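Working notes, beginning with the structure itself.
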Amino acid sequence: MLLTIPGLLNPAQVQKIQELLADAEFVDGKLSAGFAASRVKHNEEMRQEPERMKLLVRILMASLGHNERFRFGALPHRVADPIFARYRPGMTYGDHVDDPIMGSTGPRFRSDVSMTLFLNAPDTYDGGDLVMRTPFGDRRVKLPAGDAVIYPSSSLHQVAEVTRGERLVALTWIQSYVRDPAQRELLFELNQAREVLLKEAPTADHTALVDRSYSNLVRMWSDL
């Protein structure tokens with residue numbers, strides 16, 4: 001499931017993050033890449049200064065914690081500290097899947113869900129689409145600043161070459177308490193129906209059945 005999250009950050013939060021990144025030091029993105037990824041990765045990533053990172057993480061994690069679309073789409077158990085990446089003209093990230101195990105400098109966890117958060121307006125740069133390879137053809141994603149997209153970390157994807165301007169994004173990875181992406185998609189869709197029923201017919205028998213089924217499927221499929 002590829003799920004967009006409109007307005008994960010509001011304009012004031014986007015502006016604050018842009019200000020924090022404006023004078024940050026960026027280094028070669030290959031420094032954080034594994035052997036396979038380093039051959040196709042050509043971008044820059046912010047050097048992690050503790051105080052600057054603390055402010056950036058606080059903004060992003062507060063928004064994630066309050067966003068229901070993220071919570072019910074990703075079903076997060078652990079969320080990694082974000083990486084802030086920059087793409088300038090000529091930069092790209094070829095086809096790859098994300099590393100299955102994250103956390104080389106802290107607690108290790110499984111990456112089930114990846115998230116790309118767009119931090120500048122799409123008309124300020126050309127190219128830079130997130131391209132998801134699917135059995136039904138390529139899906140291209142390029143969202144307004146503050147919007148995010150989540151997708152299975154096992155998905156083959158790339159970042160198209162930037163030909164003008166600068167692409168600025170935040171990236172993070174989530175260990176979900178429901179490991180299987182097909183199960184997460186079913187739960188997300190079932191929860192959408194459940195929420196409508198809880199609002200429109202909260203005392204109906206069929207609402208109780210759907211609510212109970214959702215809860216018991218989460219219980220059945222959870223991996224903690």
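The values are calculated or read from the model by the stated rules, or taken from the named source; none is laboratory data. Just so we're clear, the structure is a prediction, and the values are computed from it rather than from any experiment. Reconstructed Cβ throughout: ideal geometry from the backbone, glycine too, with neighbour counts over all protein chains shown. Keep in mind that these areas ignore ligands, DNA and RNA; they rest on the heavy atoms of the full protein, side chains included. Shrake-Rupley method; radii C 1.70, N 1.55, O 1.52, S 1.80 Å.
Here is a check on your reading of the model: is Ala85 part of a loop (DSSP other than H, G, I, E, B), closer than 27 Å to Arg52 by Cβ and not charged (D, E, K, R)? When the stated conditions are applied, Ala85 does not pass them. So, in the stretch 113-137, of the ones that are farther than 20 Å from Arg88 by Cβ and in contact with an Asp or Glu (Cβ under 9 Å, 6 or more places away or on another chain), which residue ends up surrounded by the fewest Cβ atoms within 10 Å (Cβ to Cβ)? Taking the candidates together, the pick is Arg133.
For the stretch 51-67, does any single residue satisfy the condition of being open to solvent by less than 70 Å² (accessible area, probe 1.4 Å) and in contact with a Gly (Cβ under 7 Å, 6 or more places away or on another chain)? The answer is no, given that none of the residues of the stretch 51-67 is open to solvent by less than 70 Å² (accessible area, probe 1.4 Å) and in contact with a Gly (Cβ under 7 Å, 6 or more places away or on another chain).
For Ser153, the test of being open to solvent by 10 Å² or more (accessible area, probe 1.4 Å) and either in contact with a Ser or Thr (Cβ under 7 Å, 6 or more places away or on another chain) or at pLDDT below 95 (or both) is failed.
Residue check: is Ala85 open to solvent by 20 Å² or more (accessible area, probe 1.4 Å) and either without any contact (Cβ under 8 Å) to a residue 40 or more places away in the chain or under 15 Å from the mean Cα position of the chain (by Cα) (or both)? Walk me through how you get there before you give the answer.
On the way: open to solvent by 20 Å² or more (accessible area, probe 1.4 Å): no; either without any contact (Cβ under 8 Å) to a residue 40 or more places away in the chain or under 15 Å from the mean Cα position of the chain (by Cα) (or both): yes.
The answer is no for Ala85.
Pairing residues of the stretch 131-150 that are within 14 Å of Leu171 (Cα to Cα) with residues that are among the hydroxyl-bearing types (Ser, Thr, Tyr) and buried (at least 16 other Cβ atoms within 10 Å of the Cβ), at Cβ distances under 6 Å and at least 6 apart in sequence or on separate chains, gives Val149/Thr116. Taken together, the residues in the stretch 159-202 that are closer than 19 Å to Phe26 by Cβ, under 21 Å from the mean Cα position of the chain (by Cα) and among the small types (Gly, Ala, Ser) amount to 1.
Quick grid of which residues meet (1) over 30 Å from Glu195 (Cα atoms); (2) among the hydrophobic types (A, V, I, L, M, F, W, C):
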| position | (1), (2) |
| --- | --- |
| Ala80 | no, yes |
| Gly90 | yes, no |
| Ser104 | yes, no |
| Leu130 | yes, yes |
| Asp138 | yes, no |
| Gly165 | yes, no |
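For the stretch 212-224, filtering for residues that are of a type outside the set (A, V, I, L, M, F, W, C), closer than 24 Å to Gln175 by Cβ and part of a helix (DSSP H, G or I) leaves 4. Summed over the stretch 165-195, the residues that are more than 30 Å from Leu20 (Cα to Cα), charged (D, E, K, R) and either touching a Gly at 6+ places or on another chain (Cβ under 6 Å) or open to solvent by 50 Å² or more (accessible area, probe 1.4 Å) (or both) give a count of 5. With respect to being hydrophobic (A, V, I, L, M, F, W, C), open to solvent by 40 Å² or more (accessible area, probe 1.4 Å), at pLDDT below 95 and farther than 23 Å from Pro82 by Cβ, Leu198 falls outside the description.
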